[in-house]
Each structure stands twice: as structure tokens, then as C-alpha cells.
Ligand SMILES: C[S@@+](CC[C@H](N)C(=O)[O-])C[C@H]1O[C@@H](n2cnc3c(N)ncnc32)[C@H](O)[C@@H]1O
């Protein structure tokens with residue numbers, strides 16, 4: 001059994017490969033990666049003004065800021081901010097008097113986000129390197145914690161829930177999009193690649209809400225959910241396994257890049273997972289508050 005640090009290293013390696021590949025593979029058009037984000041989330045108007053790379057390098061499973069009441073001048077923290085799509089949406093909401101802080105552990109993701117921030121010339125976003133289990137953020141300092149398809153990847157979810165409670169100001173709110181599962185088969189739980197695709201490490205909605213309440217959060221509830229059927233789980237995993245399993249630095253001509261074909265072993269696994277997971281995986285928006 002890998003320990004928690006080994007799990008995080010596998011996750012970081014996989015997203016380093018994925019974001020590197022999504023920026024400029026084969027010199028052609030950048031591909032959009034996270035298919036779950038396309039189903040669960042952003043309207044054209046949400047993304048029209050954002051840096052192109054932040055949008056195509058999105059690996060989320062929803063839009064945590066849709067219908068949120070984030071206001072001008074507030075501070076927002078995004079756990080596992082990736083290439084930055086939600087940082088930019090939050091930045092527009094808080095305006096020049098507000099502040100947005102992204103936290104991520106993967107250097108390649110942080111580099112991508114910083115390139116996108118520089119390209120957009122946005123001054124109210126800062127990305128910090130760190131773990132969501134040990135946030136590099138002051139106690140009682142932020143109005144909102146958001147996150148998009150990240151907490152499922154943590155091997156220490158109770159620590160993450162405690163950190164959310166710690167950094168929020170009294171009365172502060174959490175709004176995250178994440179994957180929830182019901183009764184995963186053992187083989188899925190034990191497959192690191194399916195862990196990396198946001199399924200193998202996910203917990204049930206009841207466990208998620210109980211973890212938040214144990215950390216001190218109140219009014220924890222799921223406000224919307226999208227249940228994936230087999231026809232959605234296949235492409236969801238394929239889009240990740242394809243890239244995450246690539247050994248090739250130079251992707252041109254390889255069998256596993258640019259949508260040019262998934263390895264046969266991966267396809268067998270994708271089909272088996274799609275069948276076994278039909279109806280058991282969903283993305284949900286979960287909200288909770290720190291008591292005032
Ligand atoms: C599925 S991607 C989502 C990225 C982004 N939220 C989005 O919607 O595009 C997961 C991100 O979380 C980061 N991550 C995963 N586990 C983490 C941890 N324990 N601490 C910090 N970052 C983590 C990864 O590096 C990656 O950037």
C-alpha cells in the first residue's frame with residue numbers, strides 16, 4: 001500500500017503530465033481535456049473573457065462559483081487551483097479591491113497558472129505552492145473557500161476539511177465541486193490511475209458531509225448533482241488515462257496523445273470501469289459555512 005506522500009506524488013506526476021500535454025501537443029490546436037467540466041459547468045459567457053489555456057487546461061467537474069454570492073472586495077481561496085480557470089472567474093467577481101489565492105502542489109500546474117495570469121495581466125490573483133492538507137494561508141482570513149474536483153484526490157480528507165474551517169473567517173463559506181461515489185468495487189479503489197482520474201479516492205456524499213461537520217462546518221449540504229452513466233464514465237476516464245499513462249515526452253507519433261488513440265490495455269480498463277461504475281459516480285456542488 002502506498003503511503004499518503006506516495007499517493008500525492010503519483011497524483012502530482014499525473015497532473016504535471018496532463019497539463020504539459022494540454023499545452024501545445026504536436027504543435028496543433030490545444031485539446032480540451034477534462035470532459036466532466038464540459039458537462040457540469042461553465043456557460044460560454046463564464047469563459048469567453050478568460051485566457052484560452054486556462055479553459056482548455058481545465059480538469060474540474062463542475063463550476064463551483066455558479067450561483068455563488070462572492071462579492072467585490074472579498075478574499076477567495078481555490079484549493080488545487082490547477083491552470084486557473086476558477087481563479088479567473090473569482091477574480092472577476094471580487095474585482096480590484098478583492099484577492100484570489102490559488103493553492104496547488106504541482107509545479108507544472110503552478111507554472112501554467114502563472115503564465116495565464118501574466119498573459120491576462122490580472123493583478124488580484126496569487127498562486128501559492130502547498131498542500132491542501134496544510135494550507136499556506138493564515139487562520140480566519142478568507143471569505144470563501146472554493147475547489148473543483150480536488151478534495152477527492154486527497155488521501156487525508158479530514159485534514160482538508162479542518163484546514164477549510166481554520167482559514168475561513170467566522171461566517172465564511174465553502175462552495176466546492178467534487179466527485180462523490182457509492183460503493184466502489186475494490187479493484188477501482190486499488191488502481192492508482194483511477195485514483196488520479198478523481199474516482200478511486202472519492203467518498204460518498206454522506207461521508208463528505210459528515211467530515212465537514214466533524215471539522216466544525218455548519219449547514220453542510222449538496223446543492224446539485226450530476227450522476228454519470230456508463231456512456232459518460234468511459235470518456236471521462238479515457239480522457240485522463242490516455243494522457244496520464246503517456247510515457248512519451250515527445251508526443252508526436254505516439255499512440256497515446258492528441259486524441260490519436262488510447263492504448264489497448266487502457267481501453268479494456270476503461271470499458272470495465274464504465275460498466276462497473278454505471279450510476280455510482282456523480283459530481284456534486286457541496287456548500288457549508290463556518291459559524292459566525
Ligand atoms: C483534477 S485537477 C483540478 C484543477 C482545477 N481545480 C480545475 O478545475 O481545472 C486537480 C488539481 O489539484 C492539485 N492537487 C491534487 N491533490 C493536491 C493536494 N493534496 N494538495 C495540493 N494540490 C493538490 C493537482 O496538482 C491538480 O492541479
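Tabulated data
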quantity	calculated
Residue 118 within 13 Å of the ligand (Cβ to nearest atom) and at pLDDT 95 or above	no
Unique match (being modelled with pLDDT of 80 or more and away from the ligand (no atom under 13 Å from the Cβ)) among 86, 3, 13	3
Selection from the range 16-35 of residues that are modelled with pLDDT of 55 or more and near the ligand (Cβ under 9 Å from one of its atoms)	16, 18, 19
Residue among 141, 154, 177 that is out of contact with any strand residue (DSSP E or B) (no Cβ under 6 Å at 6 or more places or on another chain) and within 16 Å of the ligand (Cβ to nearest atom)	154
Every residue from the range 147-164 that is crowded, with 21+ Cβ neighbours inside 10 Å and more than 17 Å from residue 205 (Cα to Cα)	163, 164
Residue count for the range 178-210, restricted to those that are under 17 Å from residue 232 (Cα atoms) and without any contact (Cβ under 8 Å) to a residue 24 or more places away in the chain	1
Strands (runs of 3 or more DSSP E) fully within the range 85-152 counting 1 or more residues that are in contact with a helix residue (DSSP H, G or I) (Cβ under 7 Å, 6 or more places away or on another chain) and closer than 15 Å to residue 174 by Cα	99-104, 142-148
Members of the range 51-72 that are away from the ligand (no atom under 11 Å from the Cβ) and closer than 15 Å to residue 118 by Cα	51, 52, 53
Unmet requirement for residue 75, which otherwise passes all of (1) at pLDDT below 95; (2) more than 14 Å from the ligand (Cβ to nearest atom)	(1)
Long-range neighbours under 6 Å by Cβ, at least six apart or interchain, first residue at negative phi within the range 92-113, second more than 9 Å from the ligand (Cβ to nearest atom) and at pLDDT below 95	108/20
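The values are calculated or read from the model by the stated rules, or taken from the named source; none is laboratory data. As the structure is a computational prediction, the values presented were derived from the model and not from experiment. Neighbour counts are summed over all protein chains in view; Cβ atoms, including those assigned to glycine, are modelled from backbone coordinates with ideal geometry.
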